[in-house]
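Below: one structure, written as structure tokens.
The values are calculated or read from the model by the stated rules, or taken from the named source; none is laboratory data. Not measured: the values here are computed from a predicted model. Every residue, glycine among them, receives a Cβ derived from its backbone with ideal geometry; neighbour counts consider all protein chains shown.
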């Protein structure tokens, strides 16, 4: 009987030790993940998109399930690196996790327009209007304008490629300018600069794939 009790208590001690070690390991992993995220966000704000992406990838590996903060960082980092295919994939994951994320849906719509996936862009317009906030409505209106101009530009660009196949790439005319990521450095109204840009067909609201940069 004493041997059985001794074996029982020994088993409990072993289980407790295993649980303690597991908890310690999980805490260490969580701490490492948080450090990577914080440093990655700092690099993202400073414009070091490659460094940020590397750390966000590491943080993603240490995540037991998809985490909005990490997915958002990867989306913004890839946007900054102009890897629009990867950015689109991460923004798609982000809006799945955060269906009311206005900025994510807006940029996803811009990426769809850039890829000439106009049907998908229209769905993002509908999703933004469905959110119903003032900001979402403004972004929906802006995305609608980008969608309309994107279709026109797409038509003329395809035409130019046919009639002048050797024409060099001209940002804003034969190709879209970069879509700017959100680095957290500014908090201006996303439509404020549009009022100053004029009505040139090759310009649009900030953060769009059609924005002209110098």
Quick one: would you say residue 169 is in contact with a strand residue (DSSP E or B) (Cβ under 8 Å, 6 or more places away or on another chain), on the phi < 0 side of the Ramachandran plot and at pLDDT below 70?
yes
Neighbours by Cβ (under 7 Å, 6+ apart or cross-chain): first from segment 120-147, in contact (Cβ under 8 Å) with a residue 60 or more places away in the chain and at negative phi; second assigned to a helix (DSSP H, G or I) and surrounded by fewer than 16 Cβ atoms within 10 Å (Cβ to Cβ):
none
Given 93, 116, 58, which one is on the phi > 0 side of the Ramachandran plot, free of Cβ contacts under 8 Å to residues at least 60 places away in the same chain and touching a helix residue (DSSP H, G or I) at 6+ places or on another chain (Cβ under 6 Å)?
116
Given the criterion at pLDDT 70 or above, more than 30 Å from residue 117 (Cα to Cα), part of a helix (DSSP H, G or I) and under 20 Å from the mean Cα position of the chain (by Cα), identify the matching residue among 38, 95, 70.
38
